[in-house]
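S.K.: If you scroll down you'll find the structure; I have some questions about it.
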C-alpha cells in the first residue's frame, strides 16, 4: 500500500553498527529516504533468525561495547530527531526476558518506542509481552511465516494485533526473496483480518518493493541497508565513510519507496 | 516426558514462526515412531550391531580398593561406535529422519564428537550430511574434521559471531529454516526447542535402561549415579529410568573450568552465576550477562563448554532431584590419570568430570553400595589436549617432526631417525 505517492517502508538498522555515531546518520538517511517506520535492532550475541549480514553487524556492535542501555539511549536520540516516525524495537527474547519483560517494555516506552518485534517469543507463548505492551501503550508485532498452518495463521489473525510482520521467505533475512504467487497468496490471507501487514525479508530493490506494494501496508527492508553500510564503511576515514554511507542508504531507501 | 514441551517452567518452543511447522511435524513423527514396533525393532538391531550395545557395566575393582568406600562401577559408553554416547542419538534421529522422508541431514558440532557420530550414522543410512562447525573449532579439532570427511560428511566452517559451537547452532537453525522441506536438523544434545529434549532423552535412555538391567542382574545396591553435564544428553539418558524414583542420588558434574570467576567456567547449576533465560529456542538456565547476552564459557573439555543446559536437567536441578557439582579442569585431569593408571581406562575429558565426582564421594558411601560413573566417551580424541599438559616437551618434538615430515614428504619409516638439519644435508647430496 502507498501513501503520498510513495511506497511505505519500514527500514531496518542495527543500533551501534558500525558505531553509534554512524548509525545515527543511517537513521537520518533512512528517514530522508522516505521511511514510514524505523525498525531498530538491539544486537544480541546469538541472532539465529537473522542472516549472516545482520549477524555480523550485531557481532560488530557488541564488540564495540554495545549494551541495552546504549541501545535505548540511541533510540531515544532517534526519537527526538524524528518524533513523527514510529520506532519499532527488534531484538531477541533473551534481551527482553533477562531484565524482565515488563521492565524492558517500560524502559522502551520511556525512550519513545512504538512497538516491539521479538521473533523468538511466539505470539501464543509470549511470556507476557503482549500484555506488557498493552499496559504501556505499545504494540507487540508478531512475525508470521509462509510455513504456518492455516489454523495457526488464523489464530494469529484472530488475535487482532495492530501490525503483523510477514516474513516472506521460508528462511531468514538477507537472501534473495522471490515474490511469486505463493508469497502473494500468503500475504493476501491476512486481508480478512484487521492487522496492518509489514512484509519483507530479502527485499533488495525497488522492483521487488513495487511487486509487493499492493499486498502489504508497508514493505520491510533491512539487510540491504546493512550491506550498504558494510560496503562503504572505512574505519580509517570515519567522516568520509559517514557521508558515503548516508548517501548510499538514502538512495537505496528512495529506490524502494518510489512508485 | 514433558508437558506440552515444558519441564516445569523450562523448555518450550521459543523459535521464530518459520520453524514452528518443522518442529510440530517432527513431534508428530517422533510420537508415531515411538508407537511403531518396526521402527523400534530396526533401532534395536542397529543399536546392537552398529553401535555395539549393550556397552559393559564394568566393576572398577582397583579403584574401589584404593578409595576404600563404595564399589565403583563404570558404564562404558566410550566403547560405543565412534567413541562416545553421541551415536545413540545420532543414529536414532537419522533413522527417524529417513522414515520422515528427509533426504538431507544437518548437524552442529563443537568438539566434533556429535558431528562424527552424525556423519557415521548418515553414512550407514545413506543420507547426505552437512556438519556446521565454528571456524575456531575446525582449527583446533582437525582430527575429528578429518574423520567426518572420511565418513563422507561435508564440514562447513562457520565464520560468524564467536566462530564456536553456539554460532554453529545458529547457522544450523538458519539452514533448517530455509530447507526444512527435505532436511532434518539433528541436534546433538537434549536441548533446543521441543520436541528435541524429549527425543534426545529417549534415544539416550538406552544407557540408563541397560544400567538398570545390568545392576539388577548383579544385585547392586546403587547409592549414586554420576554423569558429566554440558548440554546434558548423556546425563539425562543415564538418569532417565531413575528420575521418578527417590533413589539413587543423581549427580551432575559441570565444568568448573579454571575457577569460579566470570567467563572461567561453564557452571549453570551449582553456582549462582546463571540466570533463567531464553536462548537457542528453549527456556533454561544460562550463563548470561545482565543484558541477556550469552556469556563466554571456559572448560578444558570442549563438550562441557556451553552456556546452557537441557531444560529437563535444569528442572530436575531446581526441584532437587539432581545434585550438581562444579569440577575444575585440574580435578578432571586428576580423575583422568587415576582411572587410566589404576584401571587401564582412558576417560574423555568430559567424562573425567563425572569420574572426579566419584573420587570425591566414594569414601562417604558404605562398601556394600555402588556408585556408577557414566564414562560417556573415551579419551583417545583428547590426545591433543592432554598431551600438552602431561608431556609438553615430547609432544612439541613430535609435532615438529610430523610437520617436517609433511613438508618434506618423507616416508614415516625415515622421519624420526634423523634430525631435520641432517636430513636436509642428506637430501642435498
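The values are calculated or read from the model by the stated rules, or taken from the named source; none is laboratory data. All values reported here derive from a predicted model rather than from experimental measurement. When we count neighbours, we look across all protein chains shown, and the Cβ atoms used for this are built from the backbone with ideal geometry, even at glycine.
S.K.: When you check residue B:214 against the structure, is it modelled with pLDDT of 95 or more and either surrounded by fewer than 20 Cβ atoms within 10 Å (Cβ to Cβ) or outside the structural domain of residue B:105 (by TED's automatic domain parsing) (or both), yes or no? Show your work before the answer.
M.R.: Working: modelled with pLDDT of 95 or more: yes; either surrounded by fewer than 20 Cβ atoms within 10 Å (Cβ to Cβ) or outside the structural domain of residue B:105 (by TED's automatic domain parsing) (or both): yes.
Considered against the rule, which asks whether it is modelled with pLDDT of 95 or more and either surrounded by fewer than 20 Cβ atoms within 10 Å (Cβ to Cβ) or outside the structural domain of residue B:105 (by TED's automatic domain parsing) (or both), residue B:214 comes out as yes.
S.K.: Something else: Out of segment B:277-302, which residues are more than 8 Å from chain A (Cβ to nearest Cβ), surrounded by fewer than 22 Cβ atoms within 10 Å (Cβ to Cβ) and under 24 Å from residue A:91 (Cα atoms)?
M.R.: Result: B:289, B:295, B:296.
S.K.: Right, something else. Looking at segment B:65-83, which of its residues are under 17 Å from residue B:341 (Cβ atoms) and without any contact (Cβ under 8 Å) to a residue 40 or more places away in the chain?
M.R.: B:65
S.K.: Inside segment A:68-103, can you point out the residues that are crowded, with 19+ Cβ neighbours inside 10 Å, facing chain B (nearest Cβ under 10 Å) and farther than 30 Å from residue B:24 by Cα?
M.R.: If the condition is that a residue be crowded, with 19+ Cβ neighbours inside 10 Å, facing chain B (nearest Cβ under 10 Å) and farther than 30 Å from residue B:24 by Cα, then A:68, A:71 are the ones that fit.
S.K.: Test each condition in (1) surrounded by fewer than 24 Cβ atoms within 10 Å (Cβ to Cβ); (2) more than 24 Å from residue B:56 (Cα to Cα); (3) touching a helix residue (DSSP H, G or I) at 6+ places or on another chain (Cβ under 9 Å); (4) more than 14 Å from every other protein chain (Cβ to nearest Cβ) for residue B:312 and report the one that comes out false.
M.R.: Of the numbered conditions (1) surrounded by fewer than 24 Cβ atoms within 10 Å (Cβ to Cβ); (2) more than 24 Å from residue B:56 (Cα to Cα); (3) touching a helix residue (DSSP H, G or I) at 6+ places or on another chain (Cβ under 9 Å); (4) more than 14 Å from every other protein chain (Cβ to nearest Cβ), the odd one out for residue B:312 is (1).
S.K.: Quick one: in segment A:128-167, of everything that is under 16 Å from the mean Cα position of the chain (by Cα) and assigned to a loop (DSSP other than H, G, I, E, B), which residue is nearest to the other protein chains (Cβ to nearest Cβ)?
M.R.: My answer is A:145.
S.K.: Separate question: Taking only segment B:166-195 into account, find how many residues are more than 10 Å from every other protein chain (Cβ to nearest Cβ) and either at pLDDT below 95 or touching a strand residue (DSSP E or B) at 6+ places or on another chain (Cβ under 8 Å) (or both).
M.R.: Filtering segment B:166-195 for residues more than 10 Å from every other protein chain (Cβ to nearest Cβ) gives B:168, B:182-192, B:194-195.
Restricting the remaining residues to those that are either at pLDDT below 95 or touching a strand residue (DSSP E or B) at 6+ places or on another chain (Cβ under 8 Å) (or both) gives B:168, B:182-188, B:191-192, B:194.
The total comes to 11.
S.K.: Okay, next question. Condition test on residue B:317, is it under 20 Å from the mean Cα position of the chain (by Cα), away from chain A (no Cβ under 14 Å) and over 16 Å from residue B:165 (Cβ atoms)?
M.R.: Answer is yes for this residue.
S.K.: Residue by residue through segment A:1-17, note down the ones that are touching a residue at least 12 places away in the same chain (Cβ under 8 Å) and surrounded by fewer than 24 Cβ atoms within 10 Å (Cβ to Cβ).
M.R.: A:1, A:2, A:3, A:5, A:6, A:7, A:8
S.K.: Moving on to the next point. The conditions are (1) part of a loop (DSSP other than H, G, I, E, B); (2) surrounded by fewer than 21 Cβ atoms within 10 Å (Cβ to Cβ); (3) at pLDDT 90 or above, and residue A:227 fails exactly one of them. Which is it?
M.R.: (1)
S.K.: Can I ask one more? Working only within segment A:113-127, note down all residues that are surrounded by fewer than 23 Cβ atoms within 10 Å (Cβ to Cβ), within 14 Å of another protein chain (Cβ to nearest Cβ) and in contact (Cβ under 8 Å) with a residue 40 or more places away in the chain.
M.R.: The answer is none; no residue qualifies.
S.K.: Just name the residue that is surrounded by the fewest Cβ atoms within 10 Å (Cβ to Cβ) out of those in segment B:2-40 that are more than 10 Å from chain A (Cβ to nearest Cβ) and closer than 15 Å to residue B:192 by Cα.
M.R.: B:9
S.K.: Confirm whether residue B:163 is touching a strand residue (DSSP E or B) at 6+ places or on another chain (Cβ under 6 Å), surrounded by fewer than 21 Cβ atoms within 10 Å (Cβ to Cβ) and more than 24 Å from residue A:146 (Cβ to Cβ).
M.R.: So residue B:163 fits the description; yes.
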